[in-house]
């Protein structure tokens, strides 16, 4: 199951790998499996997306297919074969 993954607002991924879009096979087909597949391709998710506890950071939103928000604390969320996942870094400040 190849899932299209995009990273928006993560310049360190662009600097490190030269791109911010990836196609990965997630096994198991869950958010946690997707993060592991990204790690195996050298995407620095531990430095940019994931906390030490293995959850998605509070400053990152995970969006499925453009309009479905995946809870950050649900790594067991199942993913489908045609899903497109966007990791969006949320800017804050004033």
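Every read-out reported here was derived from the displayed coordinates using simple, explicitly stated rules and does not represent laboratory data. Bear in mind the structure is a predicted one, so any value in this text is a computation, not a measurement. With ideal geometry, Cβ positions are generated from the backbone for all residues, glycine too; neighbour counts draw on all protein chains shown.
A compact table of results
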read-out: Label corresponding to Rg/Rh (Cα atoms, Kirkwood Rh) when calculated from the structure given, among [x] 1.03; [y] 0.93; [z] 1.26; value: [y]
read-out: Considering only the chain, percent of DSSP beta bridges that pair antiparallel, nearest 5; value: 75
read-out: Mean separation of Cα contacts under 8 Å (6+ apart) over length of the stretch 2-89, as relative contact order %; value: 36
read-out: Ascending count of other beta-carbon atoms within 10 Å, so fewest first, for 63, 3; value: 63, 3
read-out: With 5 Å bins from 0: P(r) over the stretch 43-94, alpha-carbon pairs, percent; value: 5, 18, 28, 26, 16, 5, 1, 1
read-out: Centroid-to-centroid separation of the stretch 9-62 and the stretch 71-91 [C-alpha atoms, Å]; value: 10
